[in-house]
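*Asks:* Could you have a look at this structure, given as structure tokens, before my questions?
The values are calculated or read from the model by the stated rules, or taken from the named source; none is laboratory data. Not measured: the values here are computed from a predicted model. A quick note on method: Cβ atoms are made from the backbone with ideal geometry, for glycine too, and the neighbour counts reach across all protein chains shown.
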Amino acid sequence: MASITASNLTLDIPIYQHLTSWRQDLIVRPIGGLIRRRAETRRTIVRALDNVSFQLNAGDRVGVIGPNGAGKTTLLKILSGVYTPTGGRLERKGEVVSLLSTNMGANDDLTGYENLYSIGLHFGMSRKYIESRMEEMAAFSELGDFLNLPVRTYSAGMKVRIGFAVATSIEPEILIMDEMIGAGDHAFAAKARKRAEQMISKATIYMVASHSNSLLRALCNKGIFMRNGTLEYFGEINETLARYDAFEKTAATL
């Protein structure tokens, strides 16, 4: 049975460029989190994630919310295996698919058909699986003869269709998304959203980061509220959103 256990997950990112003042630290920091100095090395680090712990089991649909720089995307990247935590322990059971970008693995010099293959391999699909889904992915993209042309000749919206057709043909046990997947032009959006929702419904565990309370209420039953790289609250989705709304109102008065 699919599950995720996060125990005191921590990620420290060192700042290697020479900084002459604390004010410079604040200006050049690349991400959110807490800025610290290691006395033994006199090196500045950004603690992007700080001792985050939670347990997810089958049936959990988790919305991750928080202000910009709170650590939402960093958390999803650690859970997806993109980043390795510098502290703590992560245990995952079940196949994990992360849709942090639908165009990872894309190559502008390859044709549309070749990119369906390339992106599929990037998502961990076997060659046999890709070949069995190729016709269906091509049809869903609605790109027709353009699939025989190099992707560098495509518009931005056409490129999104390629990535989206591949990404949503997977049936993962654990699905991790950073915001709802974009799906190109308006005419394609309704069809794409329906396909994404079907994919979400099949996942045993689902996580999505978003700034949209309405989206999180519609898709999730639990929530994680992140701030400054720390987990402020983990629990039922309405309570999570209520606590975040209270935080925003307090922050607005400061």
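*Asks:* For GLU248, which of the numbered conditions (1) in contact (Cβ under 8 Å) with a residue 60 or more places away in the chain; (2) under 23 Å from SER80 (Cα atoms) fails to hold?
*Replies:* So GLU248 meets the others, but not (2).
*Asks:* Looking only at the range 140-157, which residues are touching a residue at least 40 places away in the same chain (Cβ under 8 Å) and assigned to a helix (DSSP H, G or I)?
*Replies:* Once the filter is applied, which keeps residues that are touching a residue at least 40 places away in the same chain (Cβ under 8 Å) and assigned to a helix (DSSP H, G or I), the range 140-157 yields PHE140, VAL151, ARG152.
*Asks:* Any idea which residue in the range 36-53 is modelled with the lowest pLDDT, counting only those that are of a type in the set (Val, Ile, Thr) and surrounded by 15 or more Cβ atoms within 10 Å (Cβ to Cβ)?
*Replies:* By that ranking, first place goes to THR44.
*Asks:* Which one of these is surrounded by 14 or more Cβ atoms within 10 Å (Cβ to Cβ), closer than 22 Å to MET125 by Cβ and in contact (Cβ under 8 Å) with a residue 60 or more places away in the chain: VAL166, VAL160?
*Replies:* VAL166 is the lone residue from the list that is surrounded by 14 or more Cβ atoms within 10 Å (Cβ to Cβ), closer than 22 Å to MET125 by Cβ and in contact (Cβ under 8 Å) with a residue 60 or more places away in the chain.
*Asks:* Right, another one. For the structure I just gave you, tell me whether LEU79 is assigned by TED's automatic domain parsing to the domain that holds THR230 and part of a helix (DSSP H, G or I).
*Replies:* Taking the combined requirement at face value, the residue satisfies it.
*Asks:* Please verify whether GLY229 is out of contact with any helix residue (DSSP H, G or I) (no Cβ under 6 Å at 6 or more places or on another chain) and touching a residue at least 24 places away in the same chain (Cβ under 8 Å), treating the condition exactly as stated.
*Replies:* yes
*Asks:* Which residues, counting only those in the range 198-227, are buried (at least 17 other Cβ atoms within 10 Å of the Cβ) and of a type outside the set (A, V, I, L, M)?
*Replies:* THR204, TYR206, SER210, ASN213, CYS220, LYS222, GLY223, PHE225, ARG227
*Asks:* For the range 57-78, give me the residue count where each residue is over 17 Å from LEU219 (Cβ atoms) and within 12 Å of the chain's Cα centre (by Cα).
*Replies:* Summing the residues that are over 17 Å from LEU219 (Cβ atoms) and within 12 Å of the chain's Cα centre (by Cα) in the range 57-78 gives 6.
*Asks:* Can you tell me which residue among GLY63, GLY94, GLY88, GLY81 is surrounded by 19 or more Cβ atoms within 10 Å (Cβ to Cβ) and not hydrophobic (A, V, I, L, M, F, W, C)?
*Replies:* After applying the criteria, what remains is GLY63.
*Asks:* If you scan the range 112-133, which residues turn out to be outside any helix (DSSP H, G or I) and of a type in the set (A, V, I, L, M, F, W, C)?
*Replies:* Once the filter is applied, which keeps residues that are outside any helix (DSSP H, G or I) and of a type in the set (A, V, I, L, M, F, W, C), the range 112-133 yields PHE123, MET125.
*Asks:* Is one or more of the residues making up the range 1-20 modelled with pLDDT under 60 and of a type in the set (A, V, I, L, M, F, W, C)?
*Replies:* yes
*Asks:* Hey, another quick one. Which condition number in (1) closer than 20 Å to GLU232 by Cβ; (2) outside any strand (DSSP E or B); (3) at pLDDT 95 or above is the one that GLY59 fails?
*Replies:* Result: GLY59 passes all but (1).
*Asks:* Continuing with the same structure: Need a quick list: helices (runs of 4 or more DSSP H) entirely within the range 158-254 having at least 2 residues that are assigned by TED's automatic domain parsing to the domain that holds GLY59, closer than 21 Å to THR73 by Cα and at pLDDT 90 or above.
*Replies:* 237-253
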